[in-house]
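Worksheet: one structure, shown below.
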Amino acid sequence: MTPYAQLPTNNPEEFMRTVGLSHEDFQHLNERLSHYLEEQKAHNPLTRRGRKDSKLILEDRLLLTLYYLRHYPTLINLGAVFGISESYCHKIYARTARMLAKIEKLPNRKALLEDAAATLVIDVSEQPIERPVKNQKAYYSGKKTPHGQGSAGDLCVDAGNPLPGGRKRPPA
């Protein structure tokens, strides 16, 4: 992973594998992000007072954010690649991710929590483990069958669509 100026833009497959977007989509997103920043500076001219500009250009900040979302490296490793500290890497990621959410008009956390999930499936089956041949008394509970065998039949997926053999969920 290298900063934006060193990325291979002539190989679309490698760019897509590295960033997660095509080069054209990356450029479009970068233009929207720069337009948003210019709009914010024009709307609030005093907010930048006393601050230095970022050590990274806008393309590198966007690349850092997209690379983190695609591959989830540790921030200390990502900071080392871009030549910045771990805390500054987190600061850039958090700011850019918030701006991307505003640009793309993504719903916030509260809106996502208000929308009830239509279907929820949880795998609660137990996996048998091998116990040692010698001294297995410390690992043996005395039960002959696995705990909760068949509990998946009691799990309801949806009020109207229980799992086969399961009961309907009681009304809340």
Subject >> Prolate/oblate/rounded call for the stretch 1-99, Cα gyration tensor, a/c under 1.5 rounded >> reply: oblate
Subject >> Added length on full extension, which subtracts the Cα-Cα distance from 0.36 nm per residue, A101 to T9 >> reply: 30.6 nm
Original post:
If R0 is 35 Å, what FRET efficiency do you get for L69 and E130 from their C-beta distance, rounded to 0.05?
Top reply: 0.35
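By how many nm would the segment from S85 to L113 grow when fully extended, if each residue of separation counts as 0.36 nm and the alpha-carbon distance is taken off?
Full-extension gain reported as 6.7 nm.
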Subject >> Cβ-defined net charge surrounding I92, 10 Å radius [Lys, Arg +1; Asp, Glu -1] >> reply: +3
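Throughout, read-outs are computed from the coordinates displayed, never taken from laboratory work. Nothing here was measured: the structure is a model prediction, and the numbers come from that model. When we count neighbours, we look across all protein chains shown, and the Cβ atoms used for this are built from the backbone with ideal geometry, even at glycine.
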